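Peer 1: Right, I'll just put the structure down here and ask away after.
The values are calculated or read from the model by the stated rules, or taken from the named source; none is laboratory data. None of these values were measured; they are calculated from a predicted model. Heads up, the Cβs are rebuilt from the backbone with ideal geometry, glycines too, and the neighbour counts pull from every protein chain shown.
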Amino acid sequence: MTSEQQFSALQVGVTWRRFNALMDETAYTFVRTSFSSVVRDNWDLAVSLMDASGRQFAQSSRSVPSFIGTMPRTLAVMLRRYPRETLQPGDILISNDGYHGTGHLNDITMVRPVFRKDRLIAFIGSVFHSVDVGGAPSIDARDSFEEGLTIPVAKIVRAGVENEDVIAFPHREFSRA
């Protein structure tokens with residue numbers, strides 16, 4: 001390593017604190033703008049940074065611990081569906097599949113790859129509790145289909161363009177007869 005590549009403990013500490021502060025600011029913005037009362041009132045969310053290998057290194061200080069624990073696992077499943085080399089700037093991945101993440105359909109994970117020039121350098125991820133994903137809000141549900149909409153691992157945004165198929169599937173149009 002050259003002297004320019006060596007970092008002191010102080011530099012590493014300051015940089016790490018800045019990353020965590022960025023995650024705190026992101027979380028505050030999400031809370032202020034959220035349509036979910038559970039997010040606004042109870043901070044039922046997590047925001048974190050993961051390196052290009054999917055290892056978490058910074059998160060908001062008020063992140064729900066279980067979400068922090070599941071986010072890298074969910075990212076690993078997302079990367080099996082969309083390998084790193086297929087990702088582009090502007091892509092955003094989404095899922096709420098309980099078998100690959102938080103275990104609860106209301107908790108939706110979204111991850112965006114971060115690029116520097118053309119090189120994938122990190123991921124920023126979030127998990128938020130959505131108030132309604134359909135289904136019967138009951139402990140008597142017999143399977144995951146009765147609990148609500150399961151969002152498979154998908155690209156909700158492809159290279160900066162919303163994926164209309166994913167945006168549309170939770171919506172229903174009702175006609176009056």
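Peer 1: I'm told Ser61 meets every condition in (1) within 15 Å of Ile124 (Cβ to Cβ); (2) among the polar types (S, T, N, Q); (3) in contact with a helix residue (DSSP H, G or I) (Cβ under 8 Å, 6 or more places away or on another chain) except one. Can you identify the failing condition by its number?
Peer 2: (1)
Peer 1: A further question on this structure: Which residue, of Arg158, Arg62, is closer than 13 Å to Leu45 by Cα, of a type outside the set (Gly, Ala, Ser) and over 13 Å from the mean Cα position of the chain (by Cα)?
Peer 2: Going through Arg158, Arg62 in turn, the sole match is Arg62.
Peer 1: Name the residue, out of Leu49, Leu10, Leu22, that is at pLDDT 90 or above and in a helix (DSSP H, G or I).
Peer 2: Going through Leu49, Leu10, Leu22 in turn, just one is at pLDDT 90 or above and in a helix (DSSP H, G or I): Leu22.
Peer 1: For region 1-37, how many residues are among the polar types (S, T, N, Q) and loosely packed, with under 11 Cβ neighbours inside 10 Å?
Peer 2: Number satisfying all stated conditions: 7.
Peer 1: Given the conditions (1) out of contact with any strand residue (DSSP E or B) (no Cβ under 9 Å at 6 or more places or on another chain); (2) of a type outside the set (A, V, I, L, M); (3) surrounded by 14 or more Cβ atoms within 10 Å (Cβ to Cβ); (4) within 18 Å of Ala122 (Cβ to Cβ), report the number of the one that Arg40 does not fulfil.
Peer 2: Only one criterion is unmet by Arg40, namely (4).
Peer 1: Filter region 25-46 for residues that are assigned to a loop (DSSP other than H, G, I, E, B) and in contact with a His (Cβ under 7 Å, 6 or more places away or on another chain); which is modelled with the lowest pLDDT?
Peer 2: This residue is Ser36.
Peer 1: Can you pull out the residues in region 105-141 that are outside any strand (DSSP E or B) and among the acidic types (Asp, Glu)?
Peer 2: Asp118, Asp132, Asp140
Peer 1: Something else about it: Could you list all residues from region 6-56 that are more than 28 Å from Asp132 (Cβ to Cβ), in contact (Cβ under 8 Å) with a residue 24 or more places away in the chain and out of contact with any Gly (no Cβ under 9 Å at 6 or more places or on another chain)?
Peer 2: Trp16, Phe19, Asn20, Leu22, Asp51, Ala52, Gly54
Peer 1: What tally of residues in region 39-49 results from selecting those that are at negative phi and more than 11 Å from the chain's Cα centre (by Cα)?
Peer 2: 5
Peer 1: What about Thr102, is it assigned to a loop (DSSP other than H, G, I, E, B), surrounded by 18 or more Cβ atoms within 10 Å (Cβ to Cβ), in contact with a strand residue (DSSP E or B) (Cβ under 8 Å, 6 or more places away or on another chain) and touching a residue at least 24 places away in the same chain (Cβ under 8 Å)?
Peer 2: Yes: the conditions hold for Thr102.
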